[in-house]
Structures are given as C-alpha cells and as structure tokens.
1. Taking the stated definitions as given, is GLU48 among the acidic types (Asp, Glu) and open to solvent by 50 Å² or more (accessible area, probe 1.4 Å)?
2. Restricting to segment 60-118, name every residue that is surrounded by 15 or more Cβ atoms within 10 Å (Cβ to Cβ) and part of a helix (DSSP H, G or I).
3. For residues that are of a type in the set (Ser, Thr, Tyr) and not in a loop (DSSP other than H, G, I, E, B), scanning just segment 4-40, find the one that is nearest to TYR103 (Cα to Cα).
4. Kindly indicate whether any position in segment 15-37 is at negative phi, among the aromatic types (Phe, Trp, Tyr) and touching a Lys or Arg at 6+ places or on another chain (Cβ under 7 Å).
5. Look through ASN18, ASN32 and report the one residue that is of a type outside the set (Val, Ile, Thr) and closer than 26 Å to GLU119 by Cβ.
6. Could you pull out the residue among PHE50, PHE55 that is closer than 20 Å to GLU119 by Cα and either out of contact with any Ser or Thr (no Cβ under 8 Å at 6 or more places or on another chain) or of a type in the set (Gly, Ala, Ser) (or both)?
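The values are calculated or read from the model by the stated rules, or taken from the named source; none is laboratory data. The model shown is predicted, which means the values in this text are computed figures rather than measured ones. So basically every Cβ, Gly included, is an ideal-geometry build from the backbone, and we count neighbours across all protein chains shown. Calculation scope for accessible area: heavy atoms of the full protein, side chains included, ligands and nucleic acids excluded. Shrake-Rupley method; radii C 1.70, N 1.55, O 1.52, S 1.80 Å.
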Amino acid sequence: MSNYFKQTSPFVVPTTDNKTIREHFGKLSTGNEDFSIAHMIAPANWSEPFQNPEFDEVTMMVKGKKLIEVDGEKIELSAGESILIIKGAKVRYSNPYNEDAEYWSMCLPAFSIDKVNREEE
C-alpha cells in the first residue's frame, strides 16, 4: 500500500442546476469522511438555497466572483481570495454575476448531502 493517492479521475457529482462539481477527495470519490475537496464551476446567475451545514467549508476563488450570505451579511469573494465558513452558520452561495465562477471548496469533515441541511425554497 502506498503512502499517497494520486487522483486521476475525480467524481463528477450529478447536479440539476448546471453547476460543475468534481470531487477529488471525499466521501463520494474516495470514501474519506474526514475531509473533502472539490473543484467547482458555478454558472452565471446561479444560486442555491440557504443551508446550515454540519461542517466547516473553505472556498478559494480561482476566477470570477461569488456572493456568500452568512448570517445576514453579504460578502463578495473575488479571484485570489478565500473564506472559511464555520459549521452552524446560516449560509447561501450564489453567482449573481454575468460570468462563471471557478473555485475550490474544502469541507471538514467531508461534504455530505445529509449534513448540509438545505432549506426549502
């Protein structure tokens, strides 16, 4: 057994909102529940419902901008910037802009749909 794992085939998460999610490490791609890391592209004018996740999430912007609402505060994140959202925060991610937003997301523990606690729209 090796002391490393080279990811050559990230898991492409199926979505219904045209967002591209490629999980390199995590519950879906490698079975690891300690952390997850995914490369994402949110299309222009994309948004998702508010959520109250049971994990910390780091977002690192590569290209474009993203709007993040945290406990009632609106924060714009641009390429080259990053943010840590602490578990338990009421948060909503969106891209209300006219260009795609490319970023990396890391969750501790790993992202799990049953621990994101999305609100109904």
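1. The answer is no for GLU48.
2. Within segment 60-118, just LYS115 meets the criteria.
3. That would be THR20.
4. Checked against the condition, which is being at negative phi, among the aromatic types (Phe, Trp, Tyr) and touching a Lys or Arg at 6+ places or on another chain (Cβ under 7 Å), segment 15-37 yields no hits at all.
5. ASN18
6. None of the others qualify; the one that does is PHE50.
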